[in-house]
Amino acid sequence: SSGINAEYGGMYAHGKASKKPVKQLLLLEKVTQATSLFLRNKSTSLKSCIRRIKMEGTMTLYITKLSQTFFSTVAAVGTDFKAVFNNTETGCLPAYVAWVESELEWFVAMFSRQVFPQGSVVGHGVAGECVAIALKHAEQLSSNGLDMRFLLHRLLHPGIAETLKRDHIQIMEASQLRAKEEYWKKVQYSRQSGETKQLDDLLKTYNVDLSKYCVTAGDDRIYITLSHSVISFVRSFHSYLQDAKKMYNVRVKKQLIDSITSCLQFQAFQLQICGVTVPIAPDDES
C-alpha cells in the first residue's frame, strides 16, 4: 500500500509541473491543444506508474495491485480534468472519455498477457478471480459518471472465451484419462478426515444428497458408492463453473451453455463405454 501511495505521489508531482503550460494554453483559448497536452502527460505518468509494479507473489495479488493503481489513477485524472477544464465554454469531457477508452485498451492488453497467455497452465479459479478483481476496481470510475464495465467485458472477451474453451477441453481430456485407469470401486473415506463433509457440501449445491451413496462401516470408515473418477469430475466441473461465473457476460452465454452440455454428455459417454449405468453396489472389500 505504501509503495502504491509513493507511486501516486510521484505521478501527481509530475502532474503539478505540467499544469502550468496547460493553463497558459487555456489563457490563449487553445482548448483542444490544452486537453491534448493534459491527457498526454497523464498517460505518460500513468504508464510509468504501472510499469513500476513488480510481479511478486500470486497472480491475484499482482492483478489487485495493477487494477487498484490503474483505476484509482484514471478516476483521479477525471477529477483533476474537471477541475482544470471546468470553466471552459467548449465541452471537453468527450476528450476525457476517449482517453479513458484508449488507456483501458492498454490496460487490458497488459492484463491479458499475464492472465490469458497462449498455452497458459493457470489453474481453475485464477483467471476468474483476476477478472472479478478488475471489474470490481473498474467501479471506481462511476464517481466520474463513467461505467466502463461493458467496454471492459468486450475487451476481455477474447481472453475469457479462450480460457473457457481451454478449461473445457482439459476437463474432458482428464475425464477420459481417469475413465481408462478407473477400477470402478467405491471410495473409502475416514470419518475424521472431513472429506465426506466437503463432498457433501459440494453436492448440495446441485441438490444432490450424498447420503444416498454412503455406506457406513462399523469402524472409522465411510464408503461412497461413487468411483474416484466420478468424484474427481464433479470437483473439477464445479471449479470450472465457479470460474466461469466470475467471468460471465452475455457474450459467452452460448459458448458456456455448449461447454456445460458437452462436458456432461462426455462424462456420461465415458460411463457408458465402461458399462457403468447405476451407482456401484457396496461390497465387503476394502
Quick one: how many residues across the stretch 192-208 are in contact (Cβ under 8 Å) with a residue 12 or more places away in the chain and open to solvent by less than 70 Å² (accessible area, probe 1.4 Å)? 4
Give me a count of the residues in the stretch 92-115 that are more than 17 Å from Lys65 (Cα to Cα) and either open to solvent by 30 Å² or more (accessible area, probe 1.4 Å) or not hydrophobic (A, V, I, L, M, F, W, C) (or both). 9
Taking the stretch 48-90 on its own, how many of its residues are at pLDDT below 90, within 18 Å of Ala138 (Cα to Cα) and among the hydroxyl-bearing types (Ser, Thr, Tyr)? 1
Residues of the stretch 151-200 satisfying the condition of being among the hydroxyl-bearing types (Ser, Thr, Tyr), under 22 Å from Gln272 (Cβ atoms) and assigned to a helix (DSSP H, G or I): Ser175
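One line per residue, one yes/no per condition, for (1) surrounded by fewer than 21 Cβ atoms within 10 Å (Cβ to Cβ); (2) in contact (Cβ under 8 Å) with a residue 24 or more places away in the chain; (3) among the hydrophobic types (A, V, I, L, M, F, W, C); (4) over 30 Å from Gly128 (Cβ atoms):
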residue: Ile63; (1), (2), (3), (4): no, yes, yes, no
residue: Leu66; (1), (2), (3), (4): no, yes, yes, no
residue: Thr69; (1), (2), (3), (4): no, yes, no, no
residue: Ser72; (1), (2), (3), (4): yes, yes, no, no
residue: Ala75; (1), (2), (3), (4): yes, yes, yes, no
residue: Phe85; (1), (2), (3), (4): yes, yes, yes, yes
Within the stretch 209-224, of all residues that are assigned to a loop (DSSP other than H, G, I, E, B) and modelled with pLDDT under 75, the one surrounded by the most Cβ atoms within 10 Å (Cβ to Cβ) is Ala217
State the number of residues belonging to the stretch 52-69 that are in a helix (DSSP H, G or I), under 13 Å from Gln114 (Cβ atoms) and touching a helix residue (DSSP H, G or I) at 6+ places or on another chain (Cβ under 9 Å). 8
So Leu241 clears everything in (1) more than 21 Å from Leu202 (Cβ to Cβ); (2) within 17 Å of the chain's Cα centre (by Cα); (3) open to solvent by less than 80 Å² (accessible area, probe 1.4 Å) except one condition, right? Which one? (1)
If you check every pair at least six apart or on different chains, which have Cβ atoms under 6 Å apart with a residue in the stretch 17-31 that is β-branched (Val, Ile, Thr) first and a residue that is at pLDDT below 65 and exposed (fewer than 14 other Cβ atoms within 10 Å of the Cβ) second? Val31/Thr88; Val31/Thr90
For the stretch 143-171, pairs from a residue that is under 24 Å from Ser236 (Cβ atoms) and charged (D, E, K, R) to a residue that is at pLDDT below 90 and open to solvent by 20 Å² or more (accessible area, probe 1.4 Å), with Cβ under 8 Å and 6 or more apart or across chains, are Glu162/Phe116; Asp167/His124
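The values are calculated or read from the model by the stated rules, or taken from the named source; none is laboratory data. These numbers were taken from a predicted model, which means no experiment stands behind them. In this analysis, Cβ positions are derived from the backbone assuming ideal geometry, glycine residues included, and neighbour counts consider all displayed protein chains. What goes into the accessible areas is simple: the full protein's heavy atoms, side chains included, and nothing from ligands, DNA or RNA. Shrake-Rupley method; radii C 1.70, N 1.55, O 1.52, S 1.80 Å.
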